[in-house]
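Shown next, in structure tokens, is the structure this report addresses.
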Amino acid sequence: MLGPPGVGKGTQAKMLVQALGLKHIASGELFRRNQTRGTDLGVKAQGYISLGNLVPDEITIAMVLEEVLSEPSKDGFILDGFPRNMVQVESLHQALKDIETNIDCAVLLAVPRDELLKRLTGRRLCTKCQANYHLMSSPPGRSGLCNHCDSPLYQREDDMSIAVNTRLEVYYSETRPIIDYYDSLGCLRQIDGVGAVGEVAYRVSNSC
């Protein structure tokens with residue numbers, strides 16, 4: 001699953017997993033799981049995350065490939081949030097070659113930049129229970145307060161407009177070569193990511 005922050009990759013990946021019975025491999029979830037378990041990779045990743053730095057490719061690649069190669073699903077898997085650059089692409093394809101498999105379909109969810117900005121900058125979290133809200137699509141019942149515990153809501157620093165624009169620029173600069181690569185292999189499918197979740201899911205499920 002390819003696409004910029006806020007495009008809905010995670011949501012669509014989970015729906016495909018439920019519909020097709022595939023294994024879901026999400027890089028963000030792998031980071032959290034390894035940190036919770038205190039694995040060597042999790043401890044190394046936490047050292048970067050706690051400082052607000054990107055986790056180096058070698059750690060990210062090791063985590064994802066460990067998951068890909070352990071208990072491989074006979075029906076396949078969906079990668080969500082990986083690969084993010086060509087170094088990761090090359091490592092992934094070498095690992096898949098070693099187990100005599102490959103990527104069947106690369107789904108690129110496309111949403112206009114102004115829509116992405118609205119989605120990302122509108123997100124709010126509860127300061128206490130971490131419940132998620134969105135000022136446009138799922139606002140709280142009372143402005144600025146959590147529906148569940150009445151605690152104040154806040155906006156993450158990386159969801160503020162300056163940070164969001166920076167995240168999008170990094171995404172576009174790093175991911176363009178990946179998109180071109182999968183397009184050259186003939187397996188890229190670009191899907192309109194604007195619309196209701198179910199509508200987008202229908203487009204995705206009929207793309208590959």
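The values are calculated or read from the model by the stated rules, or taken from the named source; none is laboratory data. Just so it is clear, the model here is predicted, and its values are computed rather than measured. Cβ atoms come from the backbone with ideal geometry, glycine included; neighbour counts cover every protein chain shown.
Points worth noting:
- Only one of the numbered conditions (1) surrounded by fewer than 18 Cβ atoms within 10 Å (Cβ to Cβ); (2) under 29 Å from ALA163 (Cβ atoms) is violated by ASP75, and that is (2).
- Taken as a whole, the condition of being farther than 30 Å from GLU157 by Cα and either in contact with a helix residue (DSSP H, G or I) (Cβ under 6 Å, 6 or more places away or on another chain) or charged (D, E, K, R) (or both) applies to GLU67.
- Residues of segment 88-125 classified as closer than 16 Å to MET160 by Cα, of a type in the set (A, V, I, L, M, F, W, C) and not in a helix (DSSP H, G or I), total: 1
- Lone qualifier among LEU153, LEU168 - being out of contact with any strand residue (DSSP E or B) (no Cβ under 7 Å at 6 or more places or on another chain), buried (at least 17 other Cβ atoms within 10 Å of the Cβ) and farther than 26 Å from GLY76 by Cα: LEU168
- Residues of segment 132-167 that are among the basic types (Lys, Arg) and either in contact with a helix residue (DSSP H, G or I) (Cβ under 9 Å, 6 or more places away or on another chain) or in a helix (DSSP H, G or I) (or both): ARG156, ARG167.
- Subset of segment 15-32 (residues that are surrounded by 15 or more Cβ atoms within 10 Å (Cβ to Cβ) and either assigned to a helix (DSSP H, G or I) or at pLDDT below 85 (or both)): MET15, LEU16, VAL17, SER27, LEU30, PHE31
- In segment 107-146, the residues that are hydrophobic (A, V, I, L, M, F, W, C) and under 28 Å from ARG189 (Cβ atoms): VAL107, LEU108, LEU109, ALA110, VAL111, LEU116, LEU117, LEU120, MET136
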